[in-house]
1. What is the order of 81, 146, fewest Cβ neighbours within 10 Å to most?
2. When the label point is put 7 Å from the Cα of residue 149 along its Cα-to-beta-carbon vector, which residues of the stretch 165-186 have a backbone N closer than 19 Å?
3. For the chain, what does -39500 (n - 2.57) per DSSP helix run (n ≥ 4), summed and divided by total residues, give at 222 nm, in deg cm²/dmol to the nearest 500?
4. Could you pull the Rg and Dmax for the stretch 100-175, using just the Cα atoms, both in Å?
5. I need 284, 267 ordered by Cβ neighbour count within 10 Å, fewest first.
6. In degrees, nearest 10, range 0 to 90: what is the angle between the Cα axis of helix 36-51 and the longest Cα principal axis of the chain?
7. Under 1.5 on a/c is rounded, so check that first for the stretch 221-322, then, if it is not, pick prolate when a/b is larger than b/c and oblate when it is not; a ≥ b ≥ c are the square roots of the alpha carbon gyration tensor eigenvalues.
8. Normalising by the residue count of the chain, find the relative contact order in percent from Cα pairs under 8 Å and 6+ residues apart.
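Values quoted throughout were computed directly from the atomic coordinates according to the rules given, and no laboratory measurement underlies them. Everything quoted here is computed from the prediction, not taken from an experiment. Glycine also receives a Cβ, built like all others from the backbone with ideal geometry; neighbour counts cover every protein chain displayed.
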């Protein structure tokens, strides 16, 4: 009996030195490593590892290594993908009211966008909980501009008949139709080849993507249309969320919000760098004399379409923010 008690005592004593295995999470996105939100993902993963003392380890997979944005969100809902950074536009295929944030010329400036996303955006994204989509914070992709191989885009008439790749989301498609272009939905992971092979004439993206994915190499014209602001929500699967402790959830959420502010600042600061890369390449003619009022007028019908489907409560809430 004494021998058995000694063994049990030793077991209990040694057990105090045994720590739980770390929680390993995969975070996928489609950006190149020098894109500001890719840098945000790395910073986030490092902070979480430090603050959890190695209890939570996030492995980041950039550049579409785990699939296109639609694949990543589908994985989040199914529980086969732990975390993802994706566009608000593609996420709106699962949380339809989020298409609000892809309406053209919605925001007065970046600060207006931030206030809207952090308030109205987080409220709307909470409806994704039923699909196991938890939005931790809205990070930034940037302000979207147009490139193409046909002609400079100055007025909506210049868009007539031009085949533009768009994200696979109804509002994005309707914007191009309103401008007279021919929208061709496809994942961004297929875009460079499609431009190079002439399957599409143009595309629209923030300068960060245009520069880091090197679209300027296969495009003749860059027009600074600033037609929409692109948010980049950070998602975690509800399947993962339910297994975490309250402290672990709080750590992830507060760190995501802290990195949100850091990453937004970085994104804004680096736009000049990306613009310079494109300009100095000499492959892409840049025009900044876009008739913004004409574009606003031409795309107003898309606002009407959105409110006809979803009402105007959320739109009014965004517009009322100071």
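1. Fewest-to-most Cβ neighbours within 10 Å comes out as 81, 146.
2. Answer for the stretch 165-186: 165-167, 181-186.
3. Details: 13 runs with 143 residues, N = 322.
Theoretical 222 nm ellipticity from helices: -13500 deg cm²/dmol.
4. When restricted to the Cα atoms of the stretch 100-175, Rg and Dmax are 15.7, 45 Å.
5. On the way: 284 18, 267 26.
Lowest count first: 284, 267.
6. Helix 36-51 sits roughly 10 degrees off the main axis of the chain.
7. Numbers: a/c = 2.81, a/b = 1.34, b/c = 2.10.
Here the stretch 221-322 falls in the oblate category.
8. Details: 589 pairs, mean separation 76.8, N = 322.
Taking the mean separation of contacting Cα pairs over the length of the chain, I get 24 percent.
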